[in-house]
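Chemist: Sharing a structure with you now.
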Amino acid sequence: MGEKKEFPACPVETTLTLIGNKWKVLILRDLLPGKKRFGELKKSIGSVSQKVLTAQLRDMEKDGLVNRKVYAEVPPRVEYFLTDLGQSLKPILDSMKSWGEEYKQNLNL
């Protein structure tokens, strides 16, 4: 977790500072089950550009949520996986999933 970041006083705002965009939440969702290569992440997330996905992964790595492992192979293989800190966001994503399911059900009344 590189340089010291200034965080808001509000804990909710602090969480949003770390995962408050669509791409980061989807990266978390897709890495919760286990490690993935860049191409696998790009495919599972869908409409994200390579540039944006790379930037989001770098941010999340800098914030201590994601780790990246580079294998000395030709061509090089890179895998991304959640740190323990990243894994600790699972209950938040589980709650988001449950809320979304309930919301969608209520819309179809």
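Chemist: For region 55-71, how many residues meet the condition of being hydrophobic (A, V, I, L, M, F, W, C) and surrounded by 15 or more Cβ atoms within 10 Å (Cβ to Cβ)?
Modeler: As a first pass, look at region 55-71 and keep what is hydrophobic (A, V, I, L, M, F, W, C): 55, 57, 60, 65-66, 70.
Next, only the ones that are surrounded by 15 or more Cβ atoms within 10 Å (Cβ to Cβ) stay: 57, 60, 65-66.
Residues meeting the conditions: 4.
Chemist: Still on this structure, please answer the following. Is at least one residue of region 17-24 modelled with pLDDT of 95 or more and surrounded by 13 or more Cβ atoms within 10 Å (Cβ to Cβ)? Please lay out each step first, then the result.
Modeler: Applying the first criterion (modelled with pLDDT of 95 or more) to region 17-24 yields 23-24.
Imposing the further condition that a residue be surrounded by 13 or more Cβ atoms within 10 Å (Cβ to Cβ) reduces the set to 23-24.
For region 17-24, residues modelled with pLDDT of 95 or more and surrounded by 13 or more Cβ atoms within 10 Å (Cβ to Cβ): present.
Chemist: Listed residues L85, L89, L32; which is surrounded by fewer than 17 Cβ atoms within 10 Å (Cβ to Cβ), within 23 Å of G100 (Cα to Cα) and either among the small types (G, A, S) or modelled with pLDDT of 95 or more (or both)?
Modeler: Values: L85 fails: within 23 Å of G100 (Cα to Cα); L89 fails: surrounded by fewer than 17 Cβ atoms within 10 Å (Cβ to Cβ).
Checking each option against the conditions leaves just L32.
Chemist: What residue, of V48, V74, V52, V78, is part of a loop (DSSP other than H, G, I, E, B), of a type in the set (A, V, I, L, M, F, W, C) and surrounded by 10 or more Cβ atoms within 10 Å (Cβ to Cβ)? If you could, list the steps in order and put the result at the bottom.
Modeler: Details: V74 fails: surrounded by 10 or more Cβ atoms within 10 Å (Cβ to Cβ); V52 fails: part of a loop (DSSP other than H, G, I, E, B); V78 fails: part of a loop (DSSP other than H, G, I, E, B).
Matching residue, one of V48, V74, V52, V78: V48.
Chemist: Scan region 61-89 residue by residue and report those that are free of Cβ contacts under 8 Å to residues at least 40 places away in the same chain, of a type outside the set (D, E, K, R) and within 17 Å of T17 (Cα to Cα). Quick ask: steps written out before the conclusion?
Modeler: First, pick out the residues of region 61-89 that are free of Cβ contacts under 8 Å to residues at least 40 places away in the same chain: 61, 66-76, 83-85, 88.
Subset that is of a type outside the set (D, E, K, R): 66-67, 70-72, 74-76, 83, 85, 88.
Listed by number, the residues that qualify are V66, L85, S88.
Chemist: Do you know which residues across region 81-109 are part of a helix (DSSP H, G or I) and aromatic (F, W, Y)? First the steps, then the outcome.
Modeler: Looking only at region 81-109, we keep the residues that are part of a helix (DSSP H, G or I), and these are 84-87, 90-107.
The answer is W99, Y103.
Chemist: Say whether the condition of being within 30 Å of P8 (Cα to Cα), of a type outside the set (S, T, Y), in a helix (DSSP H, G or I) and touching a residue at least 40 places away in the same chain (Cβ under 8 Å) is met by at least one residue in region 30-40.
Modeler: Looking for residues that are within 30 Å of P8 (Cα to Cα), of a type outside the set (S, T, Y), in a helix (DSSP H, G or I) and touching a residue at least 40 places away in the same chain (Cβ under 8 Å), one finds at least one in region 30-40, hence yes.
The values are calculated or read from the model by the stated rules, or taken from the named source; none is laboratory data. Owing to the predicted nature of the structure, the values given are computational and were not obtained by experimental measurement. Glycine also receives a Cβ, built like all others from the backbone with ideal geometry; neighbour counts cover every protein chain displayed.
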